[in-house]
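Colleague: Got a structure here, written out as structure tokens. Questions coming.
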Amino acid sequence: MEQHSRKKNRMPSDYRRQRERMVEEQLEGRITDEAVLAAMRGVHRHLFVPEALQVRAYEDHPLPIGYGQTISQPYIVALMTQLLEARPGMSILEIGTGSGYQAAVLAHMGLEVFTVERVRELYFATKELLLSLGLHTIRTRLADGTLGWEENAPFDRIIVTAGGPDIPVPLLEQLADPGIMVIPVGQTRREQRLVRVFRQDGKVTARALGNVAFVDLVGDHGW
Ligand code: SAH
């Protein structure tokens, strides 16, 4: 009985150790950007997953967050963040707030974060969570993110954390020059290539990286 309750009420230091192990075993070596590693160490990932899954929050895979959505695997969060080549003070638009974890990682790195979610329940729950964690500089919006967030454009960086059939045109239009966007793009709904888009001196180039599997990007410019 006693042991049972001890297990349930994990001490914050347990999670700190788990975060440290997550960084050592899953990220170091593959992720080289120190600011990204610091953010992965600093953000309390277990607070962004459903309570029953908190003890699994630092494992090497995605987890369900309700409404058919998932929080990405730690490595994928770190990889996409590193690919953004972001610096403090830059503005970033995230499509697919979900749990709010990716947004918190970006805020930890000193970015000005704008994040859009289309599932009402997730939007409200995450907004509340972010405020309760003191992350009130993160701007949230309930909308179809494939249309971007025109009032705050252009964005130095854009990250899309759901997979669609193409790069939504409004997002390309709202990317600053110079600017970088990281987005999974799929031939099918099940599998996407991670694509990095650069805008520089008026020119847009895109480079495909490895395969990833994200939940669907739906909406006007999604599936
Ligand atoms: N970045 C999130 C990952 C969430 S999963 C995290 O760190 O937890 C992807 C999210 O994208 C889901 O919550 C889904 O509802 C959302 N989504 C899908 N299509 C969208 C759209 N057109 N606009 C905004 N959000 C969208």
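Colleague: I need the Kirkwood Rh of region 126-192: take the reciprocal of the average 1/r across all distinct C-alpha pairs and report it in angstrom.
Modeller: 13.4 Å
Colleague: Considering the convex hull of the alpha carbon atoms of the chain, report its projected area averaged over all viewing directions, in nm², one decimal.
Modeller: One quarter of the hull surface, i.e. the mean projection, equals 12.3 nm².
Colleague: Another one. Against the longest alpha carbon principal axis of the chain, how many degrees, from 0 to 90 and to the nearest 10, is the axis of helix 120-132 turned?
Modeller: Helix 120-132 sits roughly 60 degrees off the main axis of the chain.
Colleague: Expressed in nm to one decimal, what extension gain is obtained for the pair GLU24 and ARG41 from 0.36 nm per residue of sequence separation less their Cα-Cα distance?
Modeller: That pair, GLU24 and ARG41, stretches by 5.1 nm at full extension.
Colleague: Separate question: Work out the FRET efficiency for THR188 and ARG16 from their Cβ-Cβ distance, taking R0 = 41 Å, and round it to the nearest 0.05.
Modeller: 0.55
Colleague: Fully extended, how many nm does the chain gain between VAL218 and ASP166 (0.36 nm per residue separation, minus their Cα-Cα distance)?
Modeller: 17.6 nm
Colleague: Mean-square fluctuation check for the chain, GNM, Cα pairs under 10 Å: which of LEU131, LEU194, LEU63 is largest?
Modeller: Result: LEU131 has the largest fluctuation of those listed.
Colleague: Sorted from largest to smallest, which semi-axis lengths in Å does the alpha carbon gyration tensor of region 68-168 give for its equivalent ellipsoid, taking the root of 5 times each eigenvalue?
Modeller: That gives 17, 16, 15 Å for the three semi-axes.
Colleague: At q = 0.09, 0.13, 0.18, 0.24 Å⁻¹, what log₁₀ I(q)/I(0) does region 105-220 have when each alpha carbon counts as one equal point scatterer in the Debye sum?
Modeller: Log10 of I(q)/I(0), two decimals: -0.25, -0.53, -1.00, -1.44.
Colleague: Once the piece of chain linking ASN152 and GLU51 is laid out straight, how much longer is it, given 0.36 nm per residue of separation minus the C-alpha distance between them?
Modeller: Values: separation 101, 0.36 × 101 = 36.36 nm, distance 3.40 nm.
Computed gain between ASN152 and GLU51 is 33.0 nm.
The numbers here are math on the coordinates, done by the rules we state, and not lab data. Everything numeric in this text was worked out from a predicted model, so none of it was measured. Glycine gets a Cβ as well: all are built from the backbone with ideal geometry, and neighbour counts include every protein chain shown.
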